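Below is one structure; the comments refer to it alone.
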């Protein structure tokens, strides 16, 4: 752990899911104080994800925490995560195009909130749990997107701000993320991944399938399967 960074504050976007939880663990392992940000955007499992966020924030002793509401994304629609009239895709289907679970331009909305908060807090780093493996379905998870986002931040903030978004998991697959989280002691039991349910995982949506396969391949027991 770098003692120089022990007093530095980093904003971490935490949805309550596996990837963002491991991202928070990475930031903590690097010695940052954590300011955790959660965004409600009208997603189906909004209430359950919020519970996970607060539990994860407590686990990491977050110096600051902020919950922002942008439910206008639900009003805009276009995603099965926010529109109950659209079906959540079943697991086992090969993704050949952008899936219905894509929320149009969501990560940019989330990043904008994080940058605004970072400017106020004086944080120089923002951590986000995007994974390029998802880029075939989600265009705002690509390295090109992250590079362009950081350029927009540089141009759109005060010169002394110097905020940069980092995506430490971007080049990893889900199995590697589970192994990293296990090594760092990430609280997987506090996370939530299911797209459909808020009481127990449906085990049938794409997110549940990806999580189940990752834990199995990593040789780690998924605590949510006990529910």
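The values are calculated or read from the model by the stated rules, or taken from the named source; none is laboratory data. Keep in mind it's a predicted model, so treat the numbers as computed, not measured. Neighbour counts run over all protein chains shown; Cβ positions are idealised from the backbone, glycine included.
Listing for the model above:
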| item | result |
| --- | --- |
| Flag for residue 88 being more than 25 Å from residue 24 (Cα to Cα) and surrounded by 14 or more Cβ atoms within 10 Å (Cβ to Cβ) | yes |
| Residues located in the stretch 186-200, provided they are more than 23 Å from residue 85 (Cβ to Cβ) and more than 17 Å from the chain's Cα centre (by Cα) | 200 |
| Index of the failed condition, residue 11 passing every other in (1) over 18 Å from residue 197 (Cβ atoms); (2) surrounded by fewer than 21 Cβ atoms within 10 Å (Cβ to Cβ); (3) touching a residue at least 60 places away in the same chain (Cβ under 8 Å); (4) in contact with a strand residue (DSSP E or B) (Cβ under 9 Å, 6 or more places away or on another chain) | (2) |
| Filter result (closer than 11 Å to residue 21 by Cβ and outside any loop (DSSP other than H, G, I, E, B)) within the stretch 181-202 | 181, 184, 188, 189, 190 |
| All positions within the stretch 91-118 that are crowded, with 16+ Cβ neighbours inside 10 Å, touching a helix residue (DSSP H, G or I) at 6+ places or on another chain (Cβ under 8 Å) and either part of a strand (DSSP E or B) or modelled with pLDDT of 95 or more (or both) | 103, 106, 107, 109, 111, 115 |
| Selected residue [closer than 18 Å to residue 15 by Cβ, outside any helix (DSSP H, G or I) and at pLDDT 95 or above] from 177, 170 | 170 |
| Those residues of the stretch 119-141 which are in contact (Cβ under 8 Å) with a residue 12 or more places away in the chain and either over 21 Å from residue 10 (Cβ atoms) or assigned to a helix (DSSP H, G or I) (or both), in sequence order | 119, 121, 132, 133, 136, 137, 138, 139, 140, 141 |
| Pick from the stretch 20-63, criterion touching a strand residue (DSSP E or B) at 6+ places or on another chain (Cβ under 7 Å) and part of a loop (DSSP other than H, G, I, E, B), ranking: nearest to residue 207 (Cα to Cα) | 60 |
| Residue in the stretch 75-84 that is more than 20 Å from residue 165 (Cβ to Cβ), surrounded by fewer than 17 Cβ atoms within 10 Å (Cβ to Cβ), at pLDDT below 95 and more than 15 Å from the chain's Cα centre (by Cα) present | yes |
| Condition check for residue 125: at pLDDT 95 or above, surrounded by fewer than 17 Cβ atoms within 10 Å (Cβ to Cβ) and either more than 14 Å from the chain's Cα centre (by Cα) or under 27 Å from residue 32 (Cα atoms) (or both) | no |
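Residue-by-condition table, conditions (1) crowded, with 19+ Cβ neighbours inside 10 Å; (2) in contact with a strand residue (DSSP E or B) (Cβ under 6 Å, 6 or more places away or on another chain); (3) more than 24 Å from residue 70 (Cβ to Cβ):
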position	(1), (2), (3)
120	no, no, no
145	yes, no, no
185	no, no, yes
203	no, no, yes
